[in-house]
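The values are calculated or read from the model by the stated rules, or taken from the named source; none is laboratory data. From a predicted model like this one, the values you see are computed outputs, not experimental measurements. Here the Cβ positions follow ideal geometry from the backbone for every residue, glycine too, while neighbour counts run over all protein chains shown. Ligands, DNA and RNA are stripped out before the accessible areas are found, and what is left, the full protein with its side chains, is counted by its heavy atoms. Shrake-Rupley method; radii C 1.70, N 1.55, O 1.52, S 1.80 Å.
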Amino acid sequence: MTARYLREEHQIFRDAFRKFLEKEAYPYYDEWERRGIIPRSFWAKMGENGFLCPWVDEKYGGLNADFAYSVVIHEELEKVGSSLVGIGLHNDIVTPYIASYGTEEQKQKWLPKCVSGELITAIAMTEPGAGSDLANISTTAVKDGDAYIVNGQKTFITNGIHADLVIVACKTDPHAKPPHRGISLLVVERDTPGFTRGRKLEKVGLHAQDTAELFFQDAKVPASNLLGEEGKGFYYLMEKLQQERLVVAIAAQTAAEVMVSLTKQYVKQRTAFGKRVSEFQTVQFRLAEMATEIALGRTFVDRVIEEHMAGKRIVTEVSMAKWWITEMAKRVAAEAMQLHGGYGYMEEYEIARRYRDIPVSAIYAGTNEMMKTIIARELDL
Ligand SMILES: Cc1cc2nc3c(=O)[nH]c(=O)nc-3n(C[C@H](O)[C@H](O)[C@H](O)COP(=O)(O)OP(=O)(O)OC[C@H]3O[C@@H](n4cnc5c(N)ncnc54)[C@H](O)[C@@H]3O)c2cc1C
């Protein structure tokens, strides 16, 4: 079943992108996982070939491509491995802030380099003491002449090591009531005095993804790096988190599809008690259940993608898709590993890595508990 938003040109694009990944990503992915980082050279190749932020306006070096191209990129990257999530974040989560809220000067300065891969981006909301409770962040930005002086700490930041531009959520008015009205977004550049990176964090999964701590100690950020208006940061984040959650749902859906496919292949070639494992009815039923769940997830996520592309408000649906599909993918991962038997626990089998990688999708971009809180609010409870 092909989604209604996909046309022939998207399929051609998918084929070209997959060929690119077969040459530039699949052969090296295990090594990247061992080394704990995706090399910048891969980002540069993505940029050279038009696979970074293709939706950006031609005026700034992009291709003006619709969101369906982004969907294709997320799906194909996820098929290689979940550690490529940072590229998806750069493409469809961080760079859109610059395009939507940046001044003409900011767009001209940064967007072409986001497209070419010269600039890698990150978004820093979470702090050691505040994740879900975003309004409670304590990083401050105090205006001092033509600069903001930023103090605070961020953690769990995707692309934290590579990032040349970090969109930092900070309090320009720590006394605002309600507190979220005091949040602004500042673009902090790599060489900003007072901005340093901490550890590259050791994670359960996503081993090649560089997730890091960031520190700001009297970091002097030009006032011209403010994104949009002071005090509007929280609203900008809420608006853009819709696409972020959709991207997480798309990746989790793709991961679940990959895991079922790996498991099908495995049980069809593995034998026990003189039969193929796929011939046991209990195994067939479990695969039938998983196939049903991924079909339901696919139908729903495709609908949400269509609605998003039509510019509809998708707050409820995207929150539903994010929690349900990521939980479904976690169930699939556990079943898929079980059906691989002992080999499923061995690193040389892809399912082991998939099992480690999937749980975070229920945590980041807003935990699944927060998704349910949003849905409940939208239900007027
Ligand atoms: C690999 C990885 C990459 C990440 N990348 C980024 C990034 O690029 N940028 C960024 O800013 N952040 C990033 N994060 C942070 C992520 O978004 C947060 O971890 C997440 O939002 C949860 O915040 P927390 O960790 O502080 O958990 P907490 O908010 O402390 O939550 C702990 C538990 O309490 C639950 N909880 C909290 N409040 C409620 C409530 N009101 N009702 C019910 N349950 C509740 C949560 O759901 C969770 O189960 C990343 C995290 C990881 C692990």
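Looking at (1) open to solvent by 30 Å² or more (accessible area, probe 1.4 Å); (2) polar (S, T, N, Q); (3) within 15 Å of the ligand (Cβ to nearest atom); (4) under 30 Å from G62 (Cβ atoms), can you tell me which one S100 breaks?
Only one criterion is unmet by S100, namely (3).
Out of the residues in segment 156-172 that are near the ligand (Cβ under 9 Å from one of its atoms) and open to solvent by 10 Å² or more (accessible area, probe 1.4 Å), which is farthest from the chain's Cα centre (by Cα)?
F156
With respect to E105, determine if the residue is part of a helix (DSSP H, G or I) and open to solvent by less than 20 Å² (accessible area, probe 1.4 Å).
Here the answer is no, as E105 does not meet what is asked.
Are any residues in segment 209-245 outside any helix (DSSP H, G or I), within 15 Å of the ligand (Cβ to nearest atom), in contact with a Lys or Arg (Cβ under 7 Å, 6 or more places away or on another chain) and not polar (S, T, N, Q), and if so, which ones?
Once the filter is applied, which keeps residues that are outside any helix (DSSP H, G or I), within 15 Å of the ligand (Cβ to nearest atom), in contact with a Lys or Arg (Cβ under 7 Å, 6 or more places away or on another chain) and not polar (S, T, N, Q), segment 209-245 yields D210, A212, E213, L214.
Which one of the conditions (1) touching a helix residue (DSSP H, G or I) at 6+ places or on another chain (Cβ under 6 Å); (2) open to solvent by 20 Å² or more (accessible area, probe 1.4 Å); (3) in contact (Cβ under 8 Å) with a residue 60 or more places away in the chain does E317 fail to meet, given that it meets all the rest?
So the condition that E317 fails would be (3).
Restricting the search to segment 349-381, which residues are under 20 Å from S83 (Cα atoms), open to solvent by 70 Å² or more (accessible area, probe 1.4 Å) and more than 9 Å from the ligand (Cβ to nearest atom)?
Within segment 349-381, Y349, Y355 qualify.
Applying the selection to segment 113-129, what residues are assigned to a strand (DSSP E or B) and in contact with a helix residue (DSSP H, G or I) (Cβ under 7 Å, 6 or more places away or on another chain)?
Residues satisfying the conditions are T121, A122, I123.
Does any residue of segment 119-127 turn out to be without any contact (Cβ under 8 Å) to a residue 40 or more places away in the chain, more than 8 Å from the ligand (Cβ to nearest atom), open to solvent by 20 Å² or more (accessible area, probe 1.4 Å) and among the hydrophobic types (A, V, I, L, M, F, W, C)?
no
With a cut-off of at least 3 residues that are of a type in the set (V, I, T), name the helices (runs of 4 or more DSSP H) lying wholly within segment 273-381.
Fully inside segment 273-381 and qualifying: 281-309, 315-339, 368-378.
Return yes or no: is K177 open to solvent by 10 Å² or more (accessible area, probe 1.4 Å), over 21 Å from the mean Cα position of the chain (by Cα) and either within 15 Å of the ligand (Cβ to nearest atom) or basic (K, R) (or both)?
yes
Give me the pairs: first residue in segment 152-178 and over 10 Å from T121 (Cα atoms), second residue hydroxyl-bearing (S, T, Y) and within 9 Å of the ligand (Cβ to nearest atom), beta-carbon distance under 7 Å, and six or more apart or on different chains, which are they?
From residues that are over 10 Å from T121 (Cα atoms), the pairs are K154/T126; T155/T126; F156/T126; F156/T211; I157/T211.
Could you list, in sequence order, the residues of segment 259-310 that are basic (K, R) and under 24 Å from the mean Cα position of the chain (by Cα)?
R298, R303
Among L52, L63, which is within 16 Å of N159 (Cβ to Cβ) and at pLDDT 95 or above?
Testing whether each residue is within 16 Å of N159 (Cβ to Cβ) and at pLDDT 95 or above leaves just L52.
Across segment 130-153, which residue is nearest to G182 (Cα to Cα) among those that are within 8 Å of the ligand (Cβ to nearest atom) and either aromatic (F, W, Y) or assigned to a loop (DSSP other than H, G, I, E, B) (or both)?
D133
Yes or no: A336 more than 16 Å from the ligand (Cβ to nearest atom) and surrounded by fewer than 19 Cβ atoms within 10 Å (Cβ to Cβ)?
It is false that A336 is more than 16 Å from the ligand (Cβ to nearest atom) and surrounded by fewer than 19 Cβ atoms within 10 Å (Cβ to Cβ).
Of the numbered conditions (1) surrounded by 18 or more Cβ atoms within 10 Å (Cβ to Cβ); (2) more than 17 Å from T2 (Cα to Cα), I294 satisfies every one except a single condition; which is it?
(2)
Kindly list, by first and then second residue, each pair from a residue in segment 351-373 that is over 30 Å from V267 (Cα atoms) to a residue that is hydroxyl-bearing (S, T, Y) and surrounded by fewer than 18 Cβ atoms within 10 Å (Cβ to Cβ), limited to pairs with Cβ atoms under 7 Å and residues at least 6 apart or on different chains.
Note: pairs meeting the criteria are T367/S132; M370/S132.
Restricting to helices (runs of 4 or more DSSP H) lying wholly in segment 1-93: which have 1 or more residues that are open to solvent by less than 10 Å² (accessible area, probe 1.4 Å) and free of Cβ contacts under 8 Å to residues at least 12 places away in the same chain?
Fully inside segment 1-93 and qualifying: nothing.
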